[in-house]
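The values are calculated or read from the model by the stated rules, or taken from the named source; none is laboratory data. Owing to the predicted nature of the structure, the values given are computational and were not obtained by experimental measurement. Using ideal geometry, Cβ is built from the backbone for each residue, glycine included, and neighbour counts are taken over all protein chains shown. Only protein heavy atoms, including side chains, enter the accessible area calculation; ligands, DNA and RNA are left aside. Shrake-Rupley method; radii C 1.70, N 1.55, O 1.52, S 1.80 Å.
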Amino acid sequence: MSRNIISVDRDATIAEAIRLMLDNRISGLPVIDAAGRVIGILTEGDLLRRSETGTERHRPRWLEILMGPGRLAGEYVRTHGRKVEEIMTRDLVSVTPDTPLDEVVALMERRRIRRVPVLDGGVPVGIVSRTDLLRALARTLEEQQVTAGGDNEIRKRILAELAKVSWVPRDGLAITVADGIVGLDGVILDEKEREALRVAVENVPGVRAVEDRLVWVEPVSGTIIDAPQTARTTTEPPLR
């Protein structure tokens, strides 16, 4: 997570908040009260429907009657309000410092959000954004290239990865490694298994290339389709 928290006061104007987001190249700001506690969040999505840009919603009169004056009045505040507190999202989605990363990602996907404040007793201690996840992924990929081992170690890692998934053909699959070049031999029952096996192998540190000699047997007709001239793919060079 990022510990450099860029936040905005509840009484700040939206012009000040927009300037903060633009200057720091971020898409959202935690909103804090006088006690330093997070009470909401202001994001780009809260600023899409604005009267200044002519993007506020215009509905048929009959639909406005069904919606009722309360909801319409609330929408008016969000499209015309000038203070952060008036238009911020109050349904705050947050995590704690102990929240597992997979739960954070699941929360981002489920709520369709780009950043999540990290709170410790209601006080902000950091923020996790999609950019932070990309940085972590980049570091992991770099570390994997550094920790590449010999052929035996590469093969062990491939087998360990394939043991985690259920789609791998359990019979008739042979994996060999020589000088970082991985050979795939055996039978697959779905062409998608070929690509998945290649991806699994290419993700293992130290793999220089993949030689695909897999034979596809169509399960309904029994038709045998050989690998396309022993296809060979070369992995990307290490990250710099």
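Identify the residue in region 166-179 that is over 15 Å from L214 (Cβ atoms) and of a type in the set (A, V, I, L, M, F, W, C) and, among all such residues, is most open to solvent (accessible area, probe 1.4 Å). Filtering region 166-179 for residues that are over 15 Å from L214 (Cβ atoms) and of a type in the set (A, V, I, L, M, F, W, C), the one most open to solvent (accessible area, probe 1.4 Å) comes out as A178. What do you reckon, is P228 at pLDDT below 85 and out of contact with any Gly (no Cβ under 7 Å at 6 or more places or on another chain)? Here the answer is yes, as P228 does meet what is asked. The residues of region 180-202 that are open to solvent by 70 Å² or more (accessible area, probe 1.4 Å) and touching an Asp or Glu at 6+ places or on another chain (Cβ under 7 Å) amount to a single one, R198. Would you point out the residue of region 36-47, among those that are of a type in the set (D, E, K, R) and assigned to a helix (DSSP H, G or I), that is nearest to R82 (Cα to Cα)? Once the filter is applied, the top-ranked residue is D46.
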